[in-house]
Amino acid sequence: MPSIDPITRDLWQVIAATDEVPVGLVEITTLLDVRLALTRDNDGNPVVWRRTDEEQGDEIDPETVLDRLPVITGYGYIWTSLGTPPKELFPIPEYAEADRKNMSCGSIGLAVSAPRAVENFLDMGHFPYVHTDILGAEPHTEVKEYDVEVSEERDEVLATRCKFIQPRAAKSATEAMEVEYVYRVPHPFCSVLYKSCPEDENRRDVIAIFLQPMTEERCRAHLLQSMIDSTSTITDLRRFQQTIFGQDKPILENQYPKRLPLDPRAETPIRADKSAIAYRRWLSQKGITYGVIPMAS
Ligand SMILES: [Fe+2]
């Protein structure tokens, strides 16, 4: 069994959409090579533990589960930890705004490491080629200069002023527009994207990806949308995001190696990779070794 670095062990890790876990029935999953079982009690509160002989769909009285892992709920998802997690999850303040449509958009298995999936989420260079006529189109293939910093105070990677011309930036978009993106990486395996909102130029739609590292080379992507959209239904908004992610999946799974190399010389840097370089450096400085190929020391 691969060793789990202490930073990864002490993080909150996403494992399921809260609504999708039935009360009194066992769900099984894998986190960091550890087999887990979970359910919800009669009040709807999640209970998570290390799986022994439970099977998917077994009936269980949650009161009988004594040896529990830490649990927190947030952004529509259940999070647990194999170590000693912080008091709270990283903040996404917009999620609490009353007029937003918040939704989970599915949990998708990926045959690639969690950090690879984060890096793909940060990359705008693939839009015209992978999300053709939706998030990008030729001849607008240029990734313009943007800013990246690591916020010491919040301990997150932040990319700002990312601009791109998109034929159909969101479900609510009726024409091509230059959209502005802000990316946050507030957790080694999670990223939050803020993008221009077609319906209200003063606000941003929020799309987040939470990766569940199942093994070093396999993960599940849990998607969140928090949208300003008064016309589309939740089903339509979900379908739009699932279409986009369905286009990413085969590209992601073709990445080689499946773990993310942290040595900056491992893959050719181009300007579009500025956020990727900052992300890799941040993981390296934190001492993350799970799902990555650490720098040779
Ligand atoms: Fe993509």
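First select every other residue whose beta carbon is under 15 angstrom from the beta carbon of Asp155; then total the charges, Lys and Arg +1, Asp and Glu -1.
Details: positive: Lys87, Arg154, Arg184, Arg281, Lys286; negative: Asp10, Glu88, Glu149, Glu152, Glu153, Glu156.
After counting each charged neighbour, the total is -1.
Using only the Cα atoms, work out Rg/Rh for segment 1-130, with Rh taken as the Kirkwood radius, to two decimals.
On the way: Rg = 16.4 Å, Rh = 16.5 Å.
My calculation puts Rg/Rh at 0.99.
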Let's see if you can work this out: charge +1 on each Lys and Arg Cβ, -1 on each Asp and Glu Cβ, no other charges. What is the dipole magnitude of the chain about its Cα centre, in debye to the nearest 20?
720 debye
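With a cut-off of at most 13 other beta carbons within 10 Å, and DSSP calling the residue loop, which trypsin sites (Lys or Arg not before Pro) in segment 185-272 qualify? Please list them. Intermediate results must be reported in sequence, preceding the final value.
On the way: sites: Lys195, Arg203, Arg204, Arg218, Arg220, Arg238, Arg239, Lys258, Arg259, Arg265, Arg271; in loops: Lys258, Arg259, Arg265.
Taking segment 185-272 and a limit of 13 other Cβ atoms within 10 Å, the loop trypsin sites (Lys or Arg not before Pro) found are Arg265.
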How many nm is it between the label spots at Asp53 and Lys286, if each spot is 7 Å from the Cα in line with the beta carbon?
3.9 nm
Suppose we keep just the alpha-carbon trace of segment 71-130; what are its Rg and Dmax in angstrom?
15.1, 42
In terms of the Cα gyration tensor, with a ≥ b ≥ c the square roots of its eigenvalues, is the chain rounded because a/c is under 1.5, prolate because a/b exceeds b/c, or oblate?
oblate
Over 19 Å (Cα to Cα) - which of Lys101/Lys249; Lys163/Lys258; Lys144/Lys195; Lys101/Lys195; Lys144/Lys258; Lys144/Lys274 fall in this group:
Lys101/Lys249; Lys163/Lys258; Lys144/Lys258
Give the distance, in whole Å, between the Cα centre of segment 101-137 and the Cα centre of segment 163-208.
13 Å
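Scan the chain and report its longest stretch carrying no GluC sites (Glu not before Pro) that are both in a DSSP loop and have at most 10 other Cβ atoms within 10 Å. Kindly include the intermediate steps, with their values, before the conclusion.
Working: sites that count: Glu55, Glu88, Glu145, Glu152, Glu153, Glu175.
No qualifying site falls inside 176-297, the longest such stretch.
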Could you grab the relative contact order for segment 136-202? Cα pairs under 8 Å, six or more apart, rounded to a whole percent.
26 percent
What is the order of Phe164, Phe210, fewest Cβ neighbours within 10 Å to most?
Phe164, Phe210
For segment 6-80, place one equal point scatterer on every Cα, skip the solvent, and apply the Debye formula. What is log10 of I(q)/I(0) at q = 0.11, 0.22, 0.25 Å⁻¹?
-0.24, -0.97, -1.25
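The numbers here are math on the coordinates, done by the rules we state, and not lab data. The shown structure was predicted, so the numbers you read here are calculated from the model rather than taken from an experiment. Every residue, glycine as well, gets a Cβ built from its backbone with ideal geometry; the counts of neighbours run over all protein chains shown.
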